[in-house]
Amino acid sequence: MRNVAVVGVGQTAFGEHWDKSLRDLIVEAGNVAINDSGVERSAIQSLFIGSMSSGRYAGQEHLGALAADVLRLTPIPATRFEGACASGSLAFRNAYIDVASGQHDCAIVLGVEKMTDVKGPEAITSLAAAGDQEWEAAIGLTFAGLYALIARKHMHDFGTTREQMAMVSVNNHKNGVANKYAQFQTSITVQDVLKSSLVADPLRLLDCSPITDGAAALVLMSEEKAKRIANPVWILGSGQGSDTLALHDRASFTEMPATVVAAKEALKGAGVKISNMSLLEVHDCFSINELIALEDLGFCRKGEGGKFVEAGKIAIGGEIPVNTTGGLKAGGHPVGATGVRQIIDIVRQLRGDSCNQLKNPEYGMNLNVGGSGATAVVNVFGKEMK
């Protein structure tokens, strides 16, 4: 397998884009990434795009062909990937394998979702399709409901408090203030979270990521080609795991084995330890999921995620800065684009041009989760190739 680098990044602002179509978002993010890379379009040999429900949200399927068409990249192979909220990272992982294997020297990765063209109830119904239709969605169990069950079990077993979960949202909103692409660029307090509308007990509105439109893109190149590009960021390892689709079929509500498996694979491939990470992008679709991610990735013991957050260890300047530009909670969650956006923020940190720049970061990791943990993708990045 060859070394592969990210050489270009681009994204739209995340939010409600009433004046832009699905293809507009693809064109904007894709063109920014291509321009950022300095690569000629003729050098791009394959296209990978992640989107969960473009047909239900925007009435458009066949996104691989659409993206290649509107970005003027035909007739290269172009493929769409779907893995619920992990769709973007699945597209990225397969593009990485494509280039690392020697099949192609340069690939473009996109993630997109246009979620606000349907009414709220329809958007929630579409998201529920990422769960088990027969045993969860059919009885009205939404993802807020599923993660509420996870949160309540974590509170019962480990003494996790509502305040500790609220601190996740507070930290992410604080980090999102300086991010011009974020859907919410305002700070909040623990009391704001606790007083916000109840969605599914114990989760409140400010524990939940929003409905979002947006797109993100990356350009990947092989080592030989990337060495000619200024400031490449190297992909050191990638892992993927799966689990039962329905939450009730799992041995534990408070652990996501898919995350554990994906992280072990990514770290083994990278040849580094979890303690080497300088920053972390995790899938905070709901505040409880960030606590569980910290535990499953090995930053703290099972059940201690709440205390880890309360101690300030995830803050910029803390032990492991998490979601340094706002995560899903403040940054927004256009589900197909989220995994790609996470990688963009790590790349910017390692290149030294983040809106909340850390001091000399060496390694970064992203965790992108699909559904209630049925799919997980973990990727590790570094300033230097392995």
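Bear in mind these aren't lab numbers, they're just calculated from the coordinates by the rules spelled out. The shown structure was predicted, so the numbers you read here are calculated from the model rather than taken from an experiment. Here the Cβ positions follow ideal geometry from the backbone for every residue, glycine too, while neighbour counts run over all protein chains shown.
In a DSSP loop and with at most 10 other Cβ atoms within 10 Å, the trypsin sites (Lys or Arg not before Pro) in the range 109-191 are Lys119, Lys180. Multiplying the residue separation of Lys313 and Lys195 by 0.36 nm and removing their Cα-Cα distance gives an extension gain of 40.0 nm. Near Thr79, the amide H atoms lying under 5 Å from its own belong to Leu47, Phe48, Ile49; only residues 5 or more places off or on other chains count, and H is placed 1.01 Å from N. Only Lys, Arg, Asp and Glu carry charge here, each on its Cβ (+1 for the first two, -1 for the last two); on that basis the chain has a dipole of about 780 debye about its Cα centre. The range 168-216 and the range 115-164 have Cα centres separated by 16 Å. If R0 is taken as 45 Å, the Cβ-Cβ distance between Glu40 and Gln185 corresponds to a FRET efficiency of 0.80. Of the residues Asn276, Asn368, Asn172, the one that moves most in a GNM of the chain with alpha-carbon contacts below 10 Å is Asn276. Each of Thr74, Thr325, Thr244 was scored by other Cβ atoms within 10 Å of its Cβ. Arranged with the fewest first, they read Thr74, Thr244, Thr325. Please say if the range 209-340 is rounded, prolate or oblate, where rounded means a/c under 1.5 for a ≥ b ≥ c the square roots of the C-alpha gyration tensor eigenvalues, and otherwise the choice is prolate for a/b larger than b/c and oblate otherwise? Rounded is the answer for the range 209-340, as its axis ratio a/c remains below 1.5.
Restricted to Cα atoms, the range 162-224 shows a radius of gyration and a Dmax of 15.7, 54 angstrom. Taking volume of the Cα convex hull per residue in Å³ as the quantity of interest, determine which of (1) 131; (2) 118; (3) 156 was computed from the displayed structure. Label (2) holds the value from this structure.
Projecting the Cα atoms of Ala270, Leu245, Met256 onto the charge dipole of the range 221-280, computed from C-beta unit charges around the Cα centre, puts Ala270 farthest toward the positive end.
In this structure, Asp157 and Asp19 have a Cβ-Cβ separation that, at R0 = 30 Å, corresponds to a calculated FRET efficiency of about 0.05. Label-to-label distance for Ser101 and Asn231 is 3.3 nm, based on points extended 7 Å past Cα in the beta-carbon direction. Assuming R0 = 45 Å, can you tell me the calculated FRET efficiency for the pair Asn360 and Ile139, based on Cβ-Cβ distance, to the nearest 0.05? That pair, Asn360 with Ile139, gives E of 0.35. Among 101-113, 16-28, 294-306, sorting by the average number of other beta carbon atoms lying within 10 angstrom of each residue, highest first, gives 101-113, 294-306, 16-28. If you run the Gaussian network model on the chain, springs between alpha carbon atoms under 10 Å, then out of Gln240, Gln45, Gln191 the most flexible one is Gln191.
Candidate cross-link partners of Lys302 among the lysines, defined by an alpha-carbon separation under 21 Å and a same-chain spacing of 8 or more, comprise Lys153, Lys264, Lys273, Lys313.
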